[in-house]
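The structure appears below as structure tokens.
The values are calculated or read from the model by the stated rules, or taken from the named source; none is laboratory data. Note that the coordinates shown come from a computational prediction; the quantities given were computed from them, not determined experimentally. Please note: Cβ atoms are built from the backbone with ideal geometry, for glycine as well, and neighbour counts cover all protein chains shown.
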Amino acid sequence: MKSLLREDSDPDMRDAAFCLAIRTYAGGLAQLLLQYGADPGQCEPDELLSLREAVDSGSPALVEALLDHRIRDRYPASELSQMRDLARCWHEAGVEAELRCRTGSQDALVRIRVEDDEYYSVSEFTLGGVTVRDGHGAILTDLDELLGVRTEFEELMARALDHDQDHTAWGRATILLAGRRDQATWSAAAALRVHADPSRRLFGAEVLRLTHLFDDSDEDAFAGPAVDIFTDWSAKEADLAVLTEVLVALGEHADPRADAALVAHAGHCDPRVRGAVARGVGTWSESPAFSDEVRAALLVLMLDVDTAVRRDACLTVGEGRGRAPVLADALAARLDDTDRQVQVVAVHGLALHDDERCVQAARRLGPAQPGFLNEESYLDSVWRYEWRRDGR
């Protein structure tokens, strides 16, 4: 779909496709079409689902697309309030109970995990010929915000903790709380770091991380407190998911203490933790080169048994400020890696290092291939290097 949208410049096609996506409950595709210029205002109300149908569907992506700012005035505040009540009804009853009530079916419930938008997923339930997603908590959060209702921290956290970290309800809650950037929210999230429940610690860590990440003010008031909290936290946390989140947070700070805390976990037994180290060390450093400790850790991580860790370490070395020959040689050694993604990232890194070895390596790899890694953007670094080399 993205490829087709990039190639097609017909706005009428995009507008018609948006209407079709909404009618067929494809909220994720509807959002994608909006990103590429579809105008929902070109769709008549009777060409779209009603807001009630979208809320009943349990798809936050579908509801969000229908509430695009260009057509939001189609829904009066009274209707938005009713839809908020409807979402709360689904959320409090639970999808399975509400489905059984509505269908009267006692058949076995079918449950699968599906992507709802580009970033998050939800569970989808089918019973008695009716299919509903369990994103009503996220929809409730969105409608609260749209209606100007300030939901308490504890309630937002409860909506998130009904699901896992990849669920839309979790993402909506943490992003909303982080966007408040007030001391009360910060203190509530920080207090969770000593909670016995790891899921609550994880929620608190994400809110703290995003609070700093989203703060684009000149003061950046939460940067110092965040480094203090996460540095201390990283030395004590035992849960792998929470520790990974804490280390990801440290990787978003330009502070020597953050690098030191990350390096301390470079030899961790779990690849998720090592991956967080590989992605985070030295990335935000303001110094002209990696510290000796960071460079040593990256050289080891580039040889990791886990493919993703090797790839991330190569990417950090390639895009980092350090330009030591030992790093270029380490990248060159990964040109013969058993995994193509690692090879592609190594070629990219060598090109950024202005290392001639990237040219032949890119030719051996051949044209970019589709997949998880956006190979085209990485391999483009080679012709940009050749352009610089030839003084064009």
Scanning the stretch 110-127 residue by residue, the ones that are of a type outside the set (Asp, Glu) and either surrounded by 14 or more Cβ atoms within 10 Å (Cβ to Cβ) or touching a residue at least 40 places away in the same chain (Cβ under 8 Å) (or both) total 8
Looking across the stretch 167-215 at residues that are more than 21 Å from the chain's Cα centre (by Cα) and among the hydroxyl-bearing types (Ser, Thr, Tyr), the single one that is surrounded by the fewest Cβ atoms within 10 Å (Cβ to Cβ) is Ser187
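Just need a number here: residues in the stretch 185-244 that are among the aliphatic types (A, V, I, L, M), outside any loop (DSSP other than H, G, I, E, B) and closer than 20 Å to Ala158 by Cβ. So that I can check it myself, show each step before the final result.
Step one: filter the stretch 185-244 for residues among the aliphatic types (A, V, I, L, M), giving 188-192, 194, 196, 202, 205, 207-208, 210, 213, 221, 223, 226-227, 229, 235, 238, 240-243.
Filter once more, keeping what is outside any loop (DSSP other than H, G, I, E, B): 188-192, 194, 202, 205, 207-208, 210, 213, 223, 226-227, 229, 240-243.
Adding the requirement that they be closer than 20 Å to Ala158 by Cβ leaves 188-192, 194, 202, 205, 207-208, 210, 241-242.
Of the residues in that region, 13 qualify.
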For the stretch 55-90, how many residues are surrounded by 20 or more Cβ atoms within 10 Å (Cβ to Cβ), within 24 Å of the chain's Cα centre (by Cα) and of a type outside the set (Ser, Thr, Tyr)? 10
Out of the stretch 128-145, which residues are out of contact with any strand residue (DSSP E or B) (no Cβ under 7 Å at 6 or more places or on another chain) and crowded, with 17+ Cβ neighbours inside 10 Å? His136, Gly137, Ala138, Ile139, Leu140, Thr141, Asp142, Leu143, Asp144
Could you check the stretch 356-374 and list, in sequence order, the residues that are at pLDDT 90 or above and either buried (at least 21 other Cβ atoms within 10 Å of the Cβ) or within 17 Å of Ala313 (Cα to Cα) (or both)? Cys358, Ala361, Ala362
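Yes or no, residue by residue, for (1) of a type outside the set (D, E, K, R); (2) over 24 Å from Leu29 (Cβ atoms); (3) at pLDDT below 95; (4) in contact with a helix residue (DSSP H, G or I) (Cβ under 9 Å, 6 or more places away or on another chain):
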| position | (1), (2), (3), (4) |
| --- | --- |
| Ser121 | yes, no, no, yes |
| Phe125 | yes, no, no, yes |
| Leu147 | yes, yes, no, yes |
| Leu156 | yes, yes, no, yes |
| Asp162 | no, yes, no, yes |
| Ser187 | yes, yes, no, no |
Need pairs with beta-carbon distance below 9 Å; first residue touching a residue at least 12 places away in the same chain (Cβ under 8 Å) and within the stretch 203-227, second buried (at least 24 other Cβ atoms within 10 Å of the Cβ) and among the hydroxyl-bearing types (Ser, Thr, Tyr); sequence gap 6+ or separate chains. Phe203/Thr174; Glu206/Thr174; Val207/Thr174; Arg209/Thr174; Leu210/Thr174; Phe222/Thr211; Ala226/Thr211
Hand me the list of helices (runs of 4 or more DSSP H) wholly inside the stretch 1-104 holding 1 or more residues that are within 22 Å of Ala138 (Cβ to Cβ), among the acidic types (Asp, Glu) and out of contact with any helix residue (DSSP H, G or I) (no Cβ under 8 Å at 6 or more places or on another chain). 51-57, 77-93, 95-103
Out of all the residues in the stretch 317-340, which are small (Gly, Ala, Ser) and free of Cβ contacts under 8 Å to residues at least 40 places away in the same chain? Gly318, Gly320, Ala324, Ala328, Ala330, Ala332, Ala333
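Which one is surrounded by the most Cβ atoms within 10 Å (Cβ to Cβ), of the residues in the stretch 275-296 that are hydrophobic (A, V, I, L, M, F, W, C) and closer than 17 Å to Asp255 by Cα?
Selected residue: Val281.
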Could you list, ordered by first residue, the pairs with Cβ atoms under 7 Å in which the first is in the stretch 240-266 and under 16 Å from Gly224 (Cα atoms) and the second is aromatic (Phe, Trp, Tyr), at least 6 apart or interchain? Val246/Phe230; Val246/Trp233; Ala249/Phe230; Leu250/Phe230; Glu252/Trp284; His253/Trp284; Ala254/Trp284
One residue is enough: does the stretch 167-177 have a residue meeting the conditions farther than 30 Å from Leu315 by Cα and touching a Gly at 6+ places or on another chain (Cβ under 6 Å)? yes
Contacts under 8 angstrom Cβ, first residue in the stretch 341-366 being assigned to a helix (DSSP H, G or I), partner among the β-branched types (Val, Ile, Thr) and surrounded by fewer than 17 Cβ atoms within 10 Å (Cβ to Cβ), 6 or more apart: Gln341/Thr307; Val342/Thr307
It is to be established whether one or more residues within the stretch 276-288 are under 24 Å from Arg200 (Cβ atoms) and among the hydrophobic types (A, V, I, L, M, F, W, C). yes
Working only within the stretch 371-392, note down all residues that are over 20 Å from Asp336 (Cα atoms) and free of Cβ contacts under 8 Å to residues at least 12 places away in the same chain. Ser377, Trp383, Trp387, Asp390, Gly391, Arg392
